[in-house]
Amino acid sequence: MKWRIKSYIVVFIITLILSLSNTTIIDIYAQHPYVGGYFSGDTITTSHVIMGTNFPIMFTNIIPENEWISLVLSVAGGNPSVSGYVYQSGLFVFRNGSVICVPQIWYGSTEKWYEYVNSGDYNYITWYLEIFGITDGVAEYAIYIYDTFSSYINNYPVVKIITAGIDTDDNVFIIGNQYKSSVKMKFLQFGVEASMQIGERDKWDIQNYEIGYFDLNTGQWTYLPGYSVQHDQSYITYIGNNFYGIGGINYNNVDKYISSDDSVRWRYTNTTINTDELLWKTSGIYTPYPFT
């Protein structure tokens with residue numbers, strides 16, 4: 001039997017990975033639950049990705065002290081082939097209601113760079129997370145913060161730009177899917193990660209919407225069909241024959257509450273969504289709200 005290492009990206013914690021078989025995952029330190037979605041389609045390269053996100057329901061009192069729930073946008077890097085780097089922008093909410101954005105870069109299971117950015121309060125209207133600027137090897141991150149209805153209606157967000165502290169030598173982000181040694185890679189993902197299994201029925205609801213990439217051929221923002229993914233199938237990049245995914249365990253009792261074209265709301269319920277359940281079947285072009 002062929003053995004290899006499968007490692008997992010976890011926000012803040014570098015995981016210890018053991019050698020394992022093609023069908024067994026042993027991940028003894030990485031216990032962050034993760035569930036999300038991915039774009040389904042042929043492999044495409046881009047220079048920009050973006051996601052809108054907010055908290056339609058969030059009872060912060062269910063979050064234990066020093067723990068967190070986050071929504072996260074993740075994309076693989078390339079130069080132009082798959083490089084093993086993953087770029088993430090996560091929006092973390094804590095028990096006191098504060099929100100911190102944490103842009104990060106991983107190489108395999110090693111966190112190479114991150115920064116904390118104060119991003120308001122959980123009851124703000126909405127946020128957009130953008131990752132861009134990779135053409136010169138140095139990624140940039142933008143956070144568009146709409147704190148009031150007035151700022152949203154008038155499209156006047158607070159904008160924070162963060163430049164990554166490392167040069168990865170990547171020059172593209174990668175979208176879509178690819179099979180590597182029979183493993184399906186999901187190069188752009190969006191979803192929910194937490195420091196532990198946090199939830200009570202209907203006590204949190206997290207929305208991802210207007211998820212997209214900038215099509216370098218058409219000059220238009222584009223989205224692809226969306227499918228669900230649990231941690232154990234969340235492979236997003238590889239280095240040689242080592243595969244890397246997001247989180248440490250599946251997020252049980254989280255399901256799709258509602259979804260429509262390029263939009264999904266994740267809710268803590270009594271049911272658990274499986275990998276490859278349809279979120280939306282269409283693809284299309286659109287303009288992210290901050291750019292209208």
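The values are calculated or read from the model by the stated rules, or taken from the named source; none is laboratory data. All values reported here derive from a predicted model rather than from experimental measurement. When we count neighbours, we look across all protein chains shown, and the Cβ atoms used for this are built from the backbone with ideal geometry, even at glycine.
Quick rundown of the values:
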{"item": "Of residues in segment 57-78 being hydroxyl-bearing (S, T, Y) and in a strand (DSSP E or B), the one surrounded by the most Cβ atoms within 10 Å (Cβ to Cβ)", "result": "S74"}
{"item": "Any strands (runs of 3 or more DSSP E) falling wholly within segment 97-151 and containing at least 1 residues that are closer than 19 Å to I246 by Cβ, at pLDDT 95 or above and of a type in the set (S, T, Y)", "result": "98-107, 110-114, 140-146"}
{"item": "Among (1) surrounded by fewer than 21 Cβ atoms within 10 Å (Cβ to Cβ); (2) out of contact with any Asp or Glu (no Cβ under 8 Å at 6 or more places or on another chain); (3) closer than 14 Å to T275 by Cβ; (4) of a type outside the set (D, E, K, R) - the single one I249 does not satisfy", "result": "(2)"}
{"item": "Odd one out for T269, checked against (1) surrounded by fewer than 18 Cβ atoms within 10 Å (Cβ to Cβ); (2) out of contact with any Asp or Glu (no Cβ under 6 Å at 6 or more places or on another chain); (3) touching a residue at least 12 places away in the same chain (Cβ under 8 Å)", "result": "(2)"}
{"item": "Residues (closer than 20 Å to M51 by Cα and in contact with a helix residue (DSSP H, G or I) (Cβ under 6 Å, 6 or more places away or on another chain)) located in segment 204-261", "result": "G247"}
{"item": "Unique residue being without any contact (Cβ under 8 Å) to a residue 60 or more places away in the chain, farther than 20 Å from K256 by Cβ and crowded, with 23+ Cβ neighbours inside 10 Å when the list is S81, S89", "result": "S89"}
{"item": "D276 modelled with pLDDT of 95 or more, of a type in the set (D, E, K, R) and farther than 20 Å from D42 by Cα", "result": "no"}
{"item": "Failed criterion for S263 (all others in (1) surrounded by fewer than 23 Cβ atoms within 10 Å (Cβ to Cβ); (2) closer than 25 Å to N61 by Cα; (3) within 17 Å of the chain's Cα centre (by Cα); (4) not β-branched (V, I, T) hold)", "result": "(2)"}
{"item": "Lone unmet requirement of (1) under 21 Å from G245 (Cα atoms); (2) within 20 Å of the chain's Cα centre (by Cα); (3) not aromatic (F, W, Y) for S181", "result": "(2)"}
{"item": "Segment 229-267, residues that are among the polar types (S, T, N, Q), assigned to a strand (DSSP E or B) and more than 18 Å from V72 (Cβ to Cβ)", "result": "N242, S260"}
{"item": "Which numbered condition Q197 misses (of (1) within 17 Å of L91 (Cβ to Cβ); (2) surrounded by 15 or more Cβ atoms within 10 Å (Cβ to Cβ); (3) of a type in the set (S, T, N, Q))", "result": "(1)"}
{"item": "Failed item, numbered, when N22 is tested on (1) under 19 Å from D170 (Cβ atoms); (2) modelled with pLDDT under 95", "result": "(1)"}
{"item": "Some residue of segment 180-189 being in contact with a strand residue (DSSP E or B) (Cβ under 9 Å, 6 or more places away or on another chain), hydrophobic (A, V, I, L, M, F, W, C), in a strand (DSSP E or B) and surrounded by fewer than 19 Cβ atoms within 10 Å (Cβ to Cβ)", "result": "yes"}
{"item": "From I206, I285, residue being farther than 19 Å from S40 by Cβ and modelled with pLDDT of 95 or more", "result": "I206"}
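Condition check ((1) of a type in the set (D, E); (2) out of contact with any strand residue (DSSP E or B) (no Cβ under 9 Å at 6 or more places or on another chain); (3) in contact (Cβ under 8 Å) with a residue 60 or more places away in the chain; (4) closer than 21 Å to I206 by Cα) across all residues:
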{"residue": "I50", "(1), (2), (3), (4)": "no, no, yes, yes"}
{"residue": "P56", "(1), (2), (3), (4)": "no, no, yes, yes"}
{"residue": "V75", "(1), (2), (3), (4)": "no, no, yes, yes"}
{"residue": "V102", "(1), (2), (3), (4)": "no, no, yes, yes"}
{"residue": "W106", "(1), (2), (3), (4)": "no, no, yes, no"}
{"residue": "V117", "(1), (2), (3), (4)": "no, no, no, yes"}
{"residue": "W127", "(1), (2), (3), (4)": "no, no, yes, yes"}
{"residue": "I131", "(1), (2), (3), (4)": "no, no, yes, yes"}
{"residue": "A142", "(1), (2), (3), (4)": "no, no, no, yes"}
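Matching residues to (1) more than 17 Å from the chain's Cα centre (by Cα); (2) polar (S, T, N, Q); (3) surrounded by 15 or more Cβ atoms within 10 Å (Cβ to Cβ):
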residue	(1), (2), (3)
S109	no, yes, yes
E130	no, no, yes
E140	no, no, yes
V159	yes, no, no
